[in-house]
Amino acid sequence: MLKLFLWLRYLQKKKIVFLSFAAVALSVALLIVVASLFTGFINAFERSAVEMIGDVVVSPPTRFPKYPQFIEQLERLNSVKKATAVLFGQGLLHLGKGDVRAVEIWGIEPARRAEVMDFKSVLLRQKGLPGQPSFEVQGQPGKIGGFVGIGVLAEPNEKTDEYDFKEAEKMTGRQVVLTTGTVIENKEGQQGQFKRKTVEFTIADIVYSGVYYSDKAFIYLPIEELRKVLYPNEDGQAAKQIQIKLADGANVDAALAQIRGVWEDFASRQLGWDSYLIRSTSIETAKQMQSQLVAEFRKQMGVLLLIFGIVSLSAVLLIFCIFYMIVMTRQKDIAIIKSCGAGSGSVASIFIGFGACVGVIGSAIGTAIGYVITKNINVVEQWIRIIFGLKIWKSSIYMFSRIPNEVDWASAKFIVVLAVIAAVVGALIPAIVAAKTRPVEILRYE
Amino acid sequence: MHEIILAVRYLLRRRITYFAVLAVTLCVFIVAVVMTVMTGLVNEFKQKNHNFVGDCVIGTESLVGFPYYEDFVKILDGCDYVGAVSPIIKSYALISQTGIETGRNEGVEIMGIEPGRHGKVTGFGGTLSYNKEDVSKAFKPAYDPNLAGFVAGAELGRRLGIQGGYGTAGTKVLAVSCFPLTAKGTLARAGTDLVNTKTFYYSDTSQSGLVYADGSMIYLPFEQAQLLCGMNEPVKRTSWLYIKFKPGVKVVAGCEKVSLLWRDFVKERSGQTQADLLDKVTVQNWKNYRRAFIAPVEKEQVMMTVMFGLVGITTVFIIFVVFYMIIGHKSKDIGVLKSIGVSNMSVMRLFCEFAFLIGLLSSFAGLFGGWLFLLEINKIEGWLFKHFGFQLWDRTIYAIGDIPNRMGFGVAAVIALSAIIVCLAGAFLPSRQAAKLNPVETLRVSQI
């Protein structure tokens, strides 16, 4: 009770203590915002990988046929919900006068893809329509349809970094020419010849995922049509990769082991592959595929937080100075308390407790400020653009259209605990000085 | 005089001052190290971009290009402020390695250059692996100089399997396919194959340090690129002209002169075949041309500075508290000073000089510590990498060499000045309070 009374009294009399609240709050807010933005970016990066290629990816060293049988066997596993095949290529897309773009071509099965990842929601025209997505061109049955990333067709506005969706949707129904190529084997043993292949297709829909690179460079065609272009001399289906969605709650390691078992069995019996090719097949989660980059991002975050953390140590010095000043100016109070029977430990605990209070209250204010700034970071960025004409966040640089704005509570808790400890450390020496006060000397009448 | 004496005295005698010095020194040290590294990286990046394009760039983003460039090059060659000019073809192509896994091809950007000219305008020669000394041989494969060679961006070369020396890479053959475009931007050779394809043989690798160029660009001989893109007839076209000014010519002034020259050139050519393409051509300096790449890194530098500014507010608080304490203890001294005739302004000046001394001392200590740390930063990183596998920037991901460690005088001066201003800002209110102290009240018997 006495401690509380003294704390409130020091707060009332020594308004300078509020500076220590402000310093702790500022440091905590800055660290929480930095940690949250970085963690949000990393999470968005990992999430975008999963949304792009599923939970698990099977990537053999070369394309393989009979993928529907493999998918069927996979979907019999309890840990696998759905799987879909993909075929890759690269090409040049001719959009109009002088307008040629280098693109990555994905041959997909859109209906299956929509079940493995949320593919339908990225299609501008079909996302609001019932049923599964398809390559059908409205009013032009029999035409080869394709999906084109919005960034292939248009650039985002220089100032707002936003696409004009209405203008982009007008491009559906347009016919475009894709040039790709393949090496045609002439005779056995003879070196193949590179042959150009052109595909005319109609834009059936526009893709907007919010991930700059995939919107900028990807087009999607029916997997069978792409197979006919790339491998015209082959019969049957071909795929380069299988993308898998795991069942809810599935154990990832167990699922990977099961999938590898099914693959080894399929590759040896159905494809007749040797053990080298089978072992060379990469089967990993989307997160594992991004792990090197993610580790690098986390390292950068750690270094930045360390730098700001070191600078924020000056808050410890501030608390030390303020508490030292309080102890020096309140020596008579301390002497009277000790003369009434309070022990040195008790006196020290008053100031250490007060320091902890400064840490707790300062952290609470800092957490609140950090939360508000993080949650409204996109609004803040917009206001900076309007007031200063400075566009800080650009999707072409930072990958995503919007700044991830989720608070990382795990980091926030860690930062708050560190802030409280730092405040206690700052109050430690003044507390010891206060504890060593000798009432006889302080209260002597001279 | 007494102000300086008292300021020094307070600095040396009041131990609490050491905390203020420590706090400011710590901030100055961190800011000096971080800003030196950031500034070094930004400057390195800008320099790489400058080396990539020369001083001035004339051209159009359209893949159609513009005609009559040879005449304008002759005019520029005759100017006394122009050092060299290099015409550039830029377009997109599909490349395929013959004899490799069927169906594997890749979309790349092609850059058609005349290596001799290009080496004089840009730092292209210095980026080559084998023909640094004689850039004119860039497109001559070592095993057969008569073949049409290509130079691969370093990262693209790695993806194509070009590793190690000539022995392993020498037989790399690429089929390069382009869309030939007419001057109106439509596809040439309509009704036929729609594309032009030619075979090129590996001759060299270029490591410019720019991720985009090294990752997705191949360099071809200018005439071959012109043929592939259909820009050789009926009137020859090019995409860009890169210009290097002579030493001593300022870039902005040089670009203005070139801009005026170009305006007159366009006027003279109006009415001629394909002259409408000249209207889409712009003249810009290298910074404007590369602003899409440079602006983001400059913006990050500004953001970092602003964030350090926010954290530096705590330092202001510390100075404030320290001065508040000192003035609280020295109220009698101030009373004595004022009673013997020292003015309010003089008292205020005393504490401001005290704050200035703290700022100055801390800046020197922080900058010296930062300079020492930066001298050894690469060795420290090397040691950490050797023993703990820790590298500040993974060199397999980032196109960075050594960490920049040269503290610029400008950066140091700005940091020192900021530290002094922070100290003065923190000391302002307490100094004003000290100046307003009434000697009658402070020297009253009950107070003494």
Can you say whether residue B:312 is in a helix (DSSP H, G or I), under 30 Å from residue B:437 (Cα atoms) and either in contact (Cβ under 8 Å) with a residue 24 or more places away in the chain or within 11 Å of chain A (Cβ to nearest Cβ) (or both), as far as the supplied structure shows? yes
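How many residues are in a helix (DSSP H, G or I) and among the basic types (Lys, Arg) if we restrict to segment B:409-448?
Within segment B:409-448, residues that are in a helix (DSSP H, G or I) and among the basic types (Lys, Arg) number 1.
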Go through A:417, A:424, A:407 for me and flag whichever is β-branched (Val, Ile, Thr) and surrounded by fewer than 14 Cβ atoms within 10 Å (Cβ to Cβ). A:417
Only one of A:244, A:326 that is within 27 Å of residue A:51 (Cα to Cα) and β-branched (Val, Ile, Thr): A:244
May I ask you to say which residue of B:17, B:25 is modelled with pLDDT of 90 or more and within 14 Å of chain A (Cβ to nearest Cβ)? B:25
Any chance residue B:318 is more than 30 Å from residue B:255 (Cβ to Cβ), in a helix (DSSP H, G or I), in contact (Cβ under 8 Å) with a residue 60 or more places away in the chain and not charged (D, E, K, R): yes
Got at least one residue in segment B:270-278 being within 14 Å of another protein chain (Cβ to nearest Cβ), of a type outside the set (Ser, Thr, Tyr) and exposed (fewer than 15 other Cβ atoms within 10 Å of the Cβ)? yes
Filter segment A:270-320 for residues that are assigned to a helix (DSSP H, G or I), more than 8 Å from chain B (Cβ to nearest Cβ), over 26 Å from the mean Cα position of the chain (by Cα) and not hydroxyl-bearing (Ser, Thr, Tyr) and give the result. A:277, A:278, A:279, A:316, A:319
Among the listed residues B:386, B:287, B:338, B:332, identify the single one that is basic (Lys, Arg) and either within 10 Å of chain A (Cβ to nearest Cβ) or crowded, with 20+ Cβ neighbours inside 10 Å (or both). B:338
Restricting attention to segment A:18-33, and to residues there that are more than 25 Å from the chain's Cα centre (by Cα) and of a type in the set (Gly, Ala, Ser), which single residue is nearest to the other protein chains (Cβ to nearest Cβ)? A:23
Do we have residue B:264 as within 14 Å of chain A (Cβ to nearest Cβ) and of a type in the set (Asp, Glu) here? no
Test residue B:367 against the criterion of being assigned to a helix (DSSP H, G or I), surrounded by 14 or more Cβ atoms within 10 Å (Cβ to Cβ) and touching a Leu at 6+ places or on another chain (Cβ under 8 Å), and give yes or no. no
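Each row is one residue, and each column tells you yes or no for (1) out of contact with any Ser or Thr (no Cβ under 8 Å at 6 or more places or on another chain); (2) at pLDDT 85 or above; (3) not assigned by TED's automatic domain parsing to the domain that holds residue B:11.
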position	(1), (2), (3)
B:266	yes, yes, yes
B:270	yes, yes, yes
B:288	yes, yes, yes
B:303	yes, no, no
B:357	yes, yes, no
Kindly establish whether residue A:23 is part of a helix (DSSP H, G or I) and either at pLDDT 90 or above or buried (at least 19 other Cβ atoms within 10 Å of the Cβ) (or both). yes
Is it the case that residue B:347 is touching a residue at least 12 places away in the same chain (Cβ under 8 Å), more than 14 Å from chain A (Cβ to nearest Cβ) and under 30 Å from residue B:127 (Cβ atoms)? no
Restrict the check to segment A:357-369 and report whether at least one residue is of a type in the set (Ser, Thr, Tyr), farther than 22 Å from residue A:307 by Cα and either modelled with pLDDT of 85 or more or under 20 Å from the mean Cα position of the chain (by Cα) (or both). no
For segment A:69-82, state whether one or more residues are over 30 Å from residue A:255 (Cα atoms) and either buried (at least 17 other Cβ atoms within 10 Å of the Cβ) or more than 14 Å from chain B (Cβ to nearest Cβ) (or both). no
Quick check, is residue A:338 surrounded by fewer than 17 Cβ atoms within 10 Å (Cβ to Cβ) and either among the basic types (Lys, Arg) or touching an Asp or Glu at 6+ places or on another chain (Cβ under 6 Å) (or both)? no
Within segment B:218-251, residues touching a residue at least 40 places away in the same chain (Cβ under 8 Å) and within 23 Å of the chain's Cα centre (by Cα) come out as B:240, B:241, B:242, B:243, B:244, B:245, B:246, B:247, B:249, B:251
For segment B:118-151, which positions are closer than 20 Å to residue B:227 by Cβ, crowded, with 17+ Cβ neighbours inside 10 Å and not small (Gly, Ala, Ser)? B:118, B:139, B:140, B:141, B:150, B:151
Cβ contacts < 9 Å: first residue within 25 Å of residue A:21 (Cα to Cα), restricted to segment A:398-426; second residue of a type in the set (Phe, Trp, Tyr) and modelled with pLDDT under 90, any location; separation 6+ or different chain. Result? A:408/A:38; A:411/A:38; A:425/A:320; A:426/A:320; A:426/A:323
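Go through B:370, B:366, B:382 for me and flag whichever is within 30 Å of residue B:431 (Cα to Cα) and modelled with pLDDT of 85 or more.
Answer to the check: B:366.
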Among the residues of segment A:321-347 satisfying the criterion of being more than 19 Å from residue A:17 (Cα to Cα) and not in a helix (DSSP H, G or I), which is farthest from the other protein chains (Cβ to nearest Cβ)? A:341
Take the conditions aliphatic (A, V, I, L, M), within 11 Å of chain B (Cβ to nearest Cβ) and over 25 Å from the mean Cα position of the chain (by Cα) and apply them to residue A:93. Does it pass? yes
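The values are calculated or read from the model by the stated rules, or taken from the named source; none is laboratory data. If you're wondering where the values come from, they're calculated on a predicted model, not measured in any experiment. Cβ: placed from backbone, ideal geometry, glycine included. Neighbour counts: every protein chain shown.
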